[in-house]
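S.K.: What follows is a single structure, and I will ask about it in a moment.
The values are calculated or read from the model by the stated rules, or taken from the named source; none is laboratory data. Because the structure is a prediction, the values reported are computed rather than measured. So basically every Cβ, Gly included, is an ideal-geometry build from the backbone, and we count neighbours across all protein chains shown. Side chains are part of the model used for accessible areas, which takes the heavy atoms of the whole protein and leaves out ligands, DNA and RNA. Shrake-Rupley method; radii C 1.70, N 1.55, O 1.52, S 1.80 Å.
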Amino acid sequence: MGANEQGVIGKSIRRKEDGRFLTGTGQFTDDINAANQSAGVFLRSPHAHARLRSIDASRAKAAPGVVAVFTGADLEGVNGLPCGWLITGTDGKPMNEPPHPVLAQGKVRYVGDAVALVVAESIHQAKDAAELIDVDYEVLPAVVNCVDALKPGAPQIHDQAPGNRCYTWALGDKAAVDAAFAKAAHVTKLDLVNNRLIPNAIEPRAALAKYDRAEDAYTLWVTSQNPHVERLLMTAFVLGLPEHKVRVIAPDVGGGFGSKIYLYAEETALVWASKRVNRPIKWVAERSESFLTDAHGRDHVTHAELALDKDGKFLALRVTTTANMGAYLSTFASCIPTILYATLLAGQYTTPAIHCEVTASFTNTAPVDAYRGAGRPEATYVVERIIHQAAVETGVAQDELRRRNFIRTFPYQTPVALTYDTGGYDACLDEANRMADVAGFAARKAEAAKRGKLRGIGYASYIEACGLAPSNVAGALGARAGLFEAGEVRVHPTGSVTVFTGSHSHGQGHETTFAQVVAGRLGIPVENVDVVHGDTGRIPFGMGTYGSRSLAVGGTAIVKALEKVIAKGRKIAAHLLEAAEGDIEFKDGKFTVAGTDRSKAFGEVALAAYVPHNYPLDKLEPGLNETAFYDPTNFTYPAGTHICEVEVDPDTGVVQVVQFAACDDFGNIINPMIVEGQVHGGVAQGIGQALLESCVYDAQSGQLLTGSYMDYAMPRADDLPSFKVGTKVTPCTHNPLGAKGCGEAGAIGSPAALMNAVHDALAAVGVKNLDMPASPHRVWQAIQSAKRA
Amino acid sequence: MAVTLSLTVNGKAVNATVDPRTLLVELLRNQLGLTGTHVGCDTGQCGACTVHVDGRAVKSCNLLAAQANGAVVVTIEGLAAADGTMHPMQAAFKECHGLQCGFCTTGMVMSAIDLVNRHPKASEATIREELEGNLCRCTGYHNIVKAVAQGAAAMAK
């Protein structure tokens, strides 16, 4: 690392992308328009489960301004939306994978299921016409709860999934777990519900599809976290189009949190229809559509048991989970409650035996898929809630029980498939204890009690597997795609650089962080580096952004490309300096003959590459433009401890988060300001889950009861405290940046920390087990129930 | 039946003919090309569409364009100086990393300026309470609150 790299890496450089967002010149999908554009509106099912007896669109087709109306029957030759991960069940059979039609065929299976696409001159005309479509529904009984769906006699949603079962899958050594429980000194048991969430990126999903008849080619602007994945799934699996005829552009995207990873019906229908009407079509979701149709998150029902010996060492963990898939399998739905969940049940602990069985069921609800954390918050919630309970039952201090079981030697092979490369769990716990002033908690609790308030403190020492993912490992586990990343470094003749990355930024600040990586390695100013992402017409084939992978995987791809640039630059410099290549050193933006003051600046070498008058053309191509694809060799393992302190008003049930401290180990950090911002946002989403948010469907009708911001409680500024955020560093051992990823950690650790704090506070009034969200209503009811008991 | 309007937008006189059901945000975005004002919820709850109408922060998805007849409207595009120098609140959001994806940001900045106009020395609690009408899913509000306080100090200079 040279002086310049030290000057750029680890600095909170203000973001390059902020200028356009702060002046209103960002380009989000709905800000983009095409000539002769038409408006698309989807007619959606008002029923959770119904047979489509008939659809009569004749009145709609004749309505003013209507260009076309399409229903499922029109989509001949169009396949269903694919699921990208095959789970093989404990019976050895592949999961049940019923068709997921782009527009409903024969049946509708959740409120919001798309029935027809109306294309009109204006959005108002399209909406008016949609109301004129006569759909004859035969309403069927619905089931929305994932456990109820598996009961005998539950409404059958798909012919291809008997009993509404998608799969039953297991991981771990059951016999070893049973043996450990048999000799346990203490067993803690807990039933947990991980509440269903609606992602709610503030930018609603949107798409603009344009067909060019002369070229027989399509352009799709879409709110996507991964435009190449979107294109691959849409062209190869659904529409049968050649990829080179489809350009997918994900421009500025207003938040994703997972919900914009997936291939959705809407953009697929738009692309298909744009050729039929030979006009660009734009669709923008209204917020009600976002609530109804964005893939939801979480929704697990779990029973967990932890076996401990007399010294508080964990002997075994046994977990049984039912997970809700919703009405259809979304793109990565099947791997969330399995591969990204059960594998994390070791947490930060040496628990030698773990067994987890997961049953996934179909229900008459929106599809469920990855939402910030995706499986890992659910796993952390199980592990950290049951440890909290075990500490209470055994009388060991919360931090002490965790410490007694921390993994301290690396690499560490867990009993649930993962190998942690490195970590330092004590350091994060110590620092979190200090940040949260745990030593002063007893005094604060006593002071609160004087005011009639119940104070509680809660810990969560989480781990996550990020940097998705080694493709061969993922493939062996059922992934139907690679999980590498691509980066291209295009050095311009005068030495400035444009970087093309397969990662996508929708708030993460890649344009700044990646520029720092490049500027640091090349020894050039950050201002001389621009980052391009989100356009299959410009970037190399990449897999996009999710699973906190962008820096660890996408950043490494850029580093690999930089290494090629520097290697070639060294050859060019050797020629220019008439020295042996082996004697050329590259440092601080200069190629120098070792031990001399003879050097060429990076810009001079770049110019020589593009104006190759004095250049070894017989041995070396001109130009300085390198691409690298990087496939990680392991997951990365960010980890940390979050400590939450709450105050409960026993008269009203209101829970106030009075302090939240997070100490995380993300490996090496490029831009601390951006990392802290990621933690703030993640923690807010986790607090949202634990305190406020809950997606509720009516159990009988299957109607979404929390379908607006008046019904679904999003965290607002006055619901949250300012956060205390700190970091400790153990660099990742298997990527050159030493980076682990920071995007999801906040949402992973915080729900358990908050709920443990609530349980700590409510222990005084006898409340034993409360599910999220700890809303005033639920907390007050729990207090009253405990009083009666 | 169309409605004819005259209003001032970002200091310029604007005449427009709109369908009566046209919302102010639709006029701004679709007819005037001012796409910095965003629509996040259609129902006046997220605040992404906040603009200033006659000096007050207003959710432009909750106002008919016709209701803005004769009004002075300022959008995010109208905040910076002619030479491009950002408004102190815009600058504070950048300095404090008060934005991530940038979608709620424009409405957040417009609300923040209105907040500071009414409460020049707002406490953290007041800032948080006053930002109730603006949803952000990225930042957890931590840095937005910091930015508003810093922007307020800069505006006072």
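S.K.: On alpha-carbon atoms, Rg over Rh for the stretch B:38-157 using Kirkwood Rh?
M.R.: Values: Rg = 13.5 Å, Rh = 14.3 Å.
Rg/Rh for the stretch B:38-157 comes to 0.94.
S.K.: Work out the length of the dipole vector of the stretch B:3-78 about its Cα centre, built from +1 on the beta-carbon of each Lys and Arg and -1 on the beta-carbon of each Asp and Glu, and round it to the nearest 20 debye.
M.R.: On the way: 5 positive and 5 negative charges, 15 e Å.
The calculation lands at about 80 debye.
S.K.: Just want the answer: with Cβ charges of +1 for Lys and Arg and -1 for Asp and Glu, which residue in A:ASN614, A:PHE629, A:HIS642 is farthest toward the dipole's positive end in the protein assembly as shown?
M.R.: So the residue we want is A:HIS642.
S.K.: Please compute the average number of Cβ atoms from other chains found within 10 Å of each residue's Cβ in peptide B:65-77.
M.R.: Values: counts 0, 0, 0, 0, 0, 0, 0, 0, 0, 0, 1, 5, 3.
Averaged over the peptide's residues, the number is 1.
S.K.: Tell me which trypsin sites (Lys or Arg not before Pro) from the stretch A:184-224 have a DSSP coil assignment and no more than 11 other beta carbons within 10 Å of their own. Please report the intermediate quantities before stating the final value.
M.R.: Working: sites: A:LYS189, A:ARG196, A:ARG205, A:LYS210, A:ARG213; in loops: A:ARG196, A:ARG205, A:ARG213.
Sites meeting the loop and neighbour criteria: A:ARG213.
S.K.: Hey, another quick one. Out of residues 5 or more away from A:VAL246 or on other chains, whose amide H comes under 5 Å of its own, with H placed 1.01 Å from N in the peptide plane?
M.R.: Distant-sequence amide H within range of A:VAL246: A:TYR218.
S.K.: Convert each backbone phi in the stretch A:722-727 into a coupling constant with the Karplus relation 6.51 cos²θ - 1.76 cosθ + 1.60 (shift: θ = phi - 60°), then list the ³J(HN,Hα) values in order as whole Hz, x for Gly and Pro.
M.R.: 6, 9, 9, 10, x, 9
S.K.: Per the 1.4 Å probe, what fraction of the accessible area of the stretch A:414-505, in percent, lies on carbon and sulfur atoms? Could the numbers behind the result be given before it?
M.R.: Values: 1760 of 2980 Å².
Taking all protein chains in place, the stretch A:414-505 shows 59 percent carbon and sulfur surface.
S.K.: At a Förster radius of 30 Å, what calculated FRET efficiency corresponds to the Cβ-Cβ distance of A:VAL277 and A:ASP631, to the nearest 0.05? Could you put the intermediate results ahead of the total?
M.R.: Working: r = 41 Å, r/R0 = 1.37.
Efficiency, from the Cβ-Cβ distance: 0.15.
S.K.: Compute the helix-to-body angle for B:142-156: its Cα long axis versus the longest principal axis of chain B, expressed 0 to 90° and rounded to tens.
M.R.: It works out to around 80 degrees.
S.K.: Additional query: Over the residues of the stretch A:690-783, compute the C-alpha Rg and express it relative to 2.2 N^0.38 Å.
M.R.: Working: Rg = 18.1 Å, N = 94, 2.2 N^0.38 = 12.4 Å.
My calculation over the Cα atoms of the stretch A:690-783 gives 1.46.
S.K.: When we measure straight from the Cα of A:LYS724, which aspartates and glutamates land under 13 angstrom away, once same-chain ones fewer than 8 places off are left out?
M.R.: Of all the aspartates and glutamates, those that pass the test against A:LYS724 - Cα under 13 Å, at least 8 places apart if same chain - are A:GLU431, A:ASP437, A:GLU645, A:ASP664, A:GLU676.
S.K.: Also, quick follow-up: Using a Cα-Cα cut-off of under 25 Å, which lysines could be cross-linked to B:LYS157, ignoring same-chain neighbours fewer than 8 residues away?
M.R.: List returned: B:LYS94, B:LYS121, B:LYS146.
S.K.: Relative to a virtual label point 7 Å from the Cα of A:SER785 in the Cα→beta-carbon direction, which members of the stretch A:300-328 show backbone nitrogen distances below 18 Å?
M.R.: Residues A:300-304 fall inside that zone.
S.K.: Estimate the FRET efficiency between A:GLU215 and A:HIS492 by the formula 1/(1 + (r/R0)^6), using the beta-carbon distance for r and 30 Å for R0, to the nearest 0.05.
M.R.: Values: r = 29 Å, r/R0 = 0.97.
With R0 = 30 Å, the Cβ-Cβ based efficiency is 0.55.
S.K.: Under a plain spin-label model, where a point goes 7 Å from the Cα along Cα-to-Cβ, how far apart in nm are A:GLN700 and A:ARG20?
M.R.: Going by the 7 Å Cα→Cβ label model, 5.2 nm.
S.K.: Between A:VAL729 and A:GLU76, 0.36 nm times their residue separation minus their Cα-Cα distance comes to what? Working shown, then result.
M.R.: Details: separation 653, 0.36 × 653 = 235.08 nm, distance 5.49 nm.
229.6 nm is the gain from fully extending A:VAL729 to A:GLU76.
S.K.: Still on this model: Considering the dipole of the protein assembly as shown built from charges on the beta carbon (Lys and Arg +1, Asp and Glu -1) around the Cα centre, which of A:GLY482, A:PHE410, A:GLN685 is farthest to its positive end?
M.R.: Positive-most Cα among the choices belongs to A:PHE410.
S.K.: Sticking with this one: How much accessible area per residue does the stretch A:203-340 have, counting only protein heavy atoms and a probe of 1.4 Å, in square angstrom?
M.R.: On the way: 3270 Å² over 138 residues.
With all protein chains present, the stretch A:203-340 gives 24 Å² per residue.
S.K.: Work out how much length A:GLU585 to A:SER722 would gain on full extension: take 0.36 nm times their residue separation and subtract the Cα-Cα distance, in nm to one decimal.
M.R.: Length difference between fully extended and current span is 44.6 nm.
S.K.: Moving on to the next point. Can you tell me, using C-alpha contacts under 8 Å and at least 6 residues apart, the relative contact order of chain A as a whole percent?
M.R.: Values: 2060 pairs, mean separation 125.4, N = 789.
That works out to 16 percent.
S.K.: Still on this structure, I have one more. Between A:ASP430 and A:ALA601, what FRET efficiency comes out of the Förster formula 1/(1 + (r/R0)^6) with R0 = 60 Å and r the beta carbon distance, rounded to 0.05? It would help to have the intermediate numbers written out before the result.
M.R.: Details: r = 46 Å, r/R0 = 0.76.
Rounded to the nearest 0.05, the efficiency is 0.85.
S.K.: Let me ask you something else. With +1 on the Cβ of every Lys and Arg and -1 on the Cβ of every Asp and Glu, and nothing else charged, how large is the dipole of the stretch A:308-433 about its Cα centre, in debye rounded to the nearest 20?
M.R.: Values: 10 positive and 13 negative charges, 37 e Å.
Dipole about the Cα centre, nearest 20: 180 debye.
S.K.: Taking Rh as the Kirkwood radius, which is the inverse of the mean 1/r over Cα pairs, what is the Rg/Rh value for the stretch B:88-156?
M.R.: On the way: Rg = 10.3 Å, Rh = 11.4 Å.
Reported Rg/Rh, Kirkwood definition of Rh: 0.90.
S.K.: Once the piece of chain linking A:ALA176 and A:ASP711 is laid out straight, how much longer is it, given 0.36 nm per residue of separation minus the C-alpha distance between them?
M.R.: Details: separation 535, 0.36 × 535 = 192.60 nm, distance 4.60 nm.
Taking A:ALA176 through A:ASP711 to full extension adds about 188.0 nm, to one decimal.
S.K.: Another question, then. Need one number: % antiparallel among DSSP beta bridges in the protein assembly as shown, to the nearest 5.
M.R.: Values: 116 of 145 bridges.
Of all bridge pairs located within the protein assembly as shown, approximately 80 percent are antiparallel.
S.K.: Here's a follow-up. For the protein assembly as shown, how big is Rg over Rh, using alpha carbon atoms and the Kirkwood form of Rh?
M.R.: Values: Rg = 28.0 Å, Rh = 28.9 Å.
Radius of gyration relative to Kirkwood radius: 0.97.
S.K.: Report, in whole Å, the centroid distance computed from the Cα atoms of the stretch A:151-203 and the stretch A:414-486.
M.R.: 22
S.K.: Counting only Cα, what are the radius of gyration and maximum Cα-Cα distance Dmax of the stretch A:152-211, in Å?
M.R.: 21.6, 68
S.K.: Quick one: Karplus J couplings for the stretch A:547-555, per residue in order, coefficients 6.51, -1.76, 1.60, θ = phi - 60°, nearest Hz, x for Gly and Pro?
M.R.: Computed from phi, the couplings for the stretch A:547-555 are x, 6, 9, 4, 6, 5, 9, x, x Hz.
S.K.: Next question. Can you tell me which lysines have their Cα less than 17 Å from the Cα of A:LYS564? Leave out same-chain residues fewer than eight positions away.
M.R.: A:LYS587, A:LYS590, A:LYS619
S.K.: Can you give me the distance in nm between label points at B:ASP54 and B:ASN69, each placed 7 Å from the Cα along the Cα-to-Cβ direction?
M.R.: Taking the two extended label points, one gets 1.4 nm.
S.K.: Using the basic label-point model (7 angstrom from Cα toward the beta carbon), what is the A:ALA594 to A:HIS777 distance in nanometres?
M.R.: That separation, rounded to one decimal, is 7.2 nm.
S.K.: Hey, if you put +1 on the Cβ of every Lys and Arg and -1 on every Asp and Glu Cβ in the stretch A:671-789, which of A:PRO776, A:VAL758, A:HIS734 ends up farthest toward the positive end of that dipole?
M.R.: Among A:PRO776, A:VAL758, A:HIS734, the one farthest towards the positive end of the dipole of the stretch A:671-789 is A:VAL758.
S.K.: Another question, if that's okay. Only four residue types carry charge here, +1 at the Cβ of Lys and Arg and -1 at the Cβ of Asp and Glu. Report the dipole size of the protein assembly as shown about the Cα centre in Debye, rounded to the nearest 20. Mind showing how you got there, number by number?
M.R.: Working: 85 positive and 97 negative charges, 140 e Å.
Charge dipole of the protein assembly as shown: 680 debye, to the nearest 20.
S.K.: Using alpha carbon centroids, what distance separates the stretch B:94-156 and the stretch A:318-373, in Å?
M.R.: Spelled out, the Cα-based centre of one part sits 37 Å from the other.
S.K.: Give me the three principal axis extents of the stretch A:556-635 from the C-alpha atoms, as integers in angstrom, largest value leading.
M.R.: 43, 27, 19
S.K.: Before we go on, tell me the buried accessible area for the B/A pair, both chains summed, 1.4 Å probe, in Å² to the nearest 100. It would help to have the intermediate numbers written out before the result.
M.R.: Values: alone 8230 and 27970 Å², together 32110 Å².
Counting protein atoms only, the buried area is about 4100 Å².
S.K.: Report ³J(HN,Hα) in whole Hz for each residue of the stretch A:471-484, in order, from the Karplus equation J = 6.51 cos²θ - 1.76 cosθ + 1.60 where θ = phi - 60°; Gly and Pro get x.
M.R.: Once θ is set to phi - 60°, the couplings for the stretch A:471-484 become 4, 5, 5, 4, x, 5, 8, x, 4, 9, 9, x, 9, 6 Hz.
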